[in-house]
Amino acid sequence: MKKIDLNCDMGESFGAWTMGMDGNVIPYITSANIACGYHAGDAHVMYKTVKLAKEHGVGVGAHPGYPDLVGFGRRNMDCTPEEIRDYIAYQVGALKAFCVLHGVSLQHVKPHGSLYNMSVGNEPFIRAIVDAIAGVDKNVIYLALGGAQAPLVTKVAREAGIRVAFEAFPDRAYTPEGKLAPRSLPGAVIKDPKVAAERALRMAKEGKIITTDGSILEMQIDTICVHGDNPSAVELVKNIRSAIEGEGIAVVPMSKFVK
């Protein structure tokens, strides 16, 4: 049976400020990318979110970003690869500690926001991320954007002895080059649950995405990311999971099938 993972960014609340709909979304996903305190989240939120994931049998992932709470990690920063490595290692180590507290394994690492986008096709950054992950735990999967950069990421990850999984975004528009369209552009974020579900189904069944100019790109897709920080998030993820399972595709954590 064909398998696919559904992942979602979580644990982005901070102190008295609540963000996202984690408790409502988590029953429908299989992997959670948990903020590690640099762009969002704090120690208490990290503890609670790992606990929530464990209770629902959801794979736990670290979601490290730039040290940019004000900009939510979505602003570019001029950092060296060595700084990137250290930022990743610091945050992954922090979340791994909460995994130990709850008796679960850290499944994956997915960089956040600008750090994620700036690493696409950027070999020095990719190597810095991979070095940090491999240095902390070689059993952890590196979760990266699928598409043209996949061969490079696969090569670097294999050299370091770690697994890699590739993702796609049904609720984000893609450029013809296979990159995520900037959020500042109209239509960059797709809010219609029906449209997102149709896109997710095509991704899961065929490994294809439709870009902003109507062209079709084929890519390896192991996991589909859904965002949980908008009012339609719950309906969105429910529709996506229902559509995928309705086609006989198993929705399971990526650690169950990524090799």
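A few points about this structure:
- Entry remark, the stretch 65-93: residues being surrounded by 18 or more Cβ atoms within 10 Å (Cβ to Cβ) and aliphatic (A, V, I, L, M) number 4 in total.
To keep it simple, each residue is scored yes or no on (1) touching an Asp or Glu at 6+ places or on another chain (Cβ under 6 Å); (2) in a loop (DSSP other than H, G, I, E, B); (3) more than 30 Å from ASN122 (Cβ to Cβ); (4) touching a residue at least 60 places away in the same chain (Cβ under 8 Å).
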{"site": "ASP9", "(1), (2), (3), (4)": "no, no, no, yes"}
{"site": "VAL25", "(1), (2), (3), (4)": "no, no, yes, yes"}
{"site": "TYR47", "(1), (2), (3), (4)": "no, no, yes, no"}
{"site": "LYS51", "(1), (2), (3), (4)": "no, no, yes, no"}
{"site": "TYR66", "(1), (2), (3), (4)": "no, yes, no, no"}
{"site": "LEU69", "(1), (2), (3), (4)": "no, yes, no, no"}
{"site": "MET77", "(1), (2), (3), (4)": "no, yes, no, no"}
{"site": "ALA89", "(1), (2), (3), (4)": "no, no, no, no"}
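- Filter result for ILE249 (touching a strand residue (DSSP E or B) at 6+ places or on another chain (Cβ under 8 Å), closer than 21 Å to ALA188 by Cβ, at pLDDT 90 or above and surrounded by fewer than 22 Cβ atoms within 10 Å (Cβ to Cβ)): no
- When every residue of the stretch 107-114 is checked against the conditions, at least one turns out to be charged (D, E, K, R) and either closer than 19 Å to LYS96 by Cα or modelled with pLDDT of 95 or more (or both).
- Put simply, of GLU12, GLU55 the only residue that is over 25 Å from MET219 (Cα atoms), within 18 Å of the chain's Cα centre (by Cα) and of a type in the set (Asp, Glu) is GLU12.
- Single residue of the stretch 172-228 satisfying the filter (without any contact (Cβ under 8 Å) to a residue 60 or more places away in the chain and in a strand (DSSP E or B)) that is farthest from the chain's Cα centre (by Cα): ILE216
The values are calculated or read from the model by the stated rules, or taken from the named source; none is laboratory data. Nothing here was measured: the structure is a model prediction, and the numbers come from that model. All Cβ positions, even for glycine, are placed from backbone atoms using ideal geometry, and neighbour counts span all protein chains on display.
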